[in-house]
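Take a look at the structure below.
Just so it is clear, none of the values below were taken in a lab; they were calculated from the coordinates. Just so it is clear, the structure is predicted and the values come from calculations on it, not from any experiment. Virtual Cβ from ideal backbone geometry, glycine too; neighbours counted across all protein chains shown.
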Amino acid sequence: MVAAAASALALTVSCNKNNPVTDPIKENVVGTYSGLLNVKMNEAPIVTDLEKDIRIDLSDNVADAVDIVVEDLTLEIFGGEMSLGTISVVDCPVTVEGSTYSFASTEPQTITLPENLGSCTATAEGSVTDGVIDVELTITWSVFPISVTFHGTVVSAE
C-alpha cells in the first residue's frame, strides 16, 4: 500500500514537471513590440510613422492585467522637441475572445512629466492578436488632447 502511494505521488510530481501551468496573458500579450507610432495634438498630426518599441508588462498590482509602457515619448511641437518622458498606463484588465486579447484602462491615470512640464492624464486601450498589437493612448496635457496610436508586432515575448 505504501509503495503504491509513493508510486502514485512520484507519477503526479513527474507529470506536473512535464506540464507546467501556463499563463495565457504572459504567453500571448506580455513582451516588447516594434512598430509605427503616430501622434496627433488637437487632431493635427505631429508625429507620423515613427519607428518605436513599446512594452507590455504583467501588472504587479492586479491579476489578469497589464501595464503599457512607452519610453521616451518625444514630440516635435512649437518648433522644437519636447520629451514627455516615459508614459506608463498601469493595471489594464485583459479580456480574451478567441485569439484576441483586449485591454483597457479603467480610469484616467495621472502621470508626472519631466522638465517642469507638470502632469497629464492618460488612458489606454488596445488588443493583441497572434503577435500583432494595436494600442491607443489618450493623453490630456494642460488643455491639449494628444492621441497616440501604435501598430506593431512582437519582437520578444516574456
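Potential lengthening of the chain between LEU50 and PHE78 amounts to 8.2 nm, from the contour at 0.36 nm per residue minus the alpha-carbon distance. Only one residue of ALA65, ASN42, ILE133 has its Cα farthest out toward the positive end of the dipole of the range 24-157, where Lys and Arg carry +1 and Asp and Glu -1 on Cβ, and that residue is ASN42. Label-to-label distance, GLU158 versus THR140, with points set 7 angstrom from Cα along the beta-carbon direction: 3.0 nm.
When the Cα atoms of the chain are aligned to their principal axes, the ranges along those axes come out at 81, 27, 26 Å in descending order. Average projection, convex hull of the Cα set of the range 105-145: 3.7 square nanometres.
Multiplying the residue separation of ASN42 and ASP60 by 0.36 nm and subtracting their alpha-carbon distance yields 3.1 nm. Against the empirical 2.2 N^0.38 Å (N residues), the range 59-150 has a Cα radius of gyration ratio of 1.15. Relative contact order of the range 24-157, taken over Cα pairs closer than 8 Å and 6 or more residues apart, is 26 percent. Distances between placed amide hydrogens fall under 5 Å for VAL47 paired with VAL39, all partners being 5 or more residues away or on another chain. Sites listed here are chymotrypsin sites (Phe, Trp or Tyr not before Pro) in the range 56-158 whose DSSP assignment is loop and whose Cβ has at most 14 other Cβ atoms within 10 Å: PHE78. Counting beta carbons within 10 Å around each of ILE139, ILE46 and listing the fewest first gives the order ILE46, ILE139. Of interest is the spacing of the C-alpha centroids, which for the range 78-134 and the range 50-66 amounts to 9 Å. Near LEU84, the amide H atoms lying under 5 Å from its own belong to LEU73, THR74, LEU75; only residues 5 or more places off or on other chains count, and H is placed 1.01 Å from N. Distant-in-sequence amide contacts of SER59, defined by a placed amide H-H separation under 5 Å and a gap of 5 or more residues or a different chain, comprise ALA65, VAL66, ASP67.
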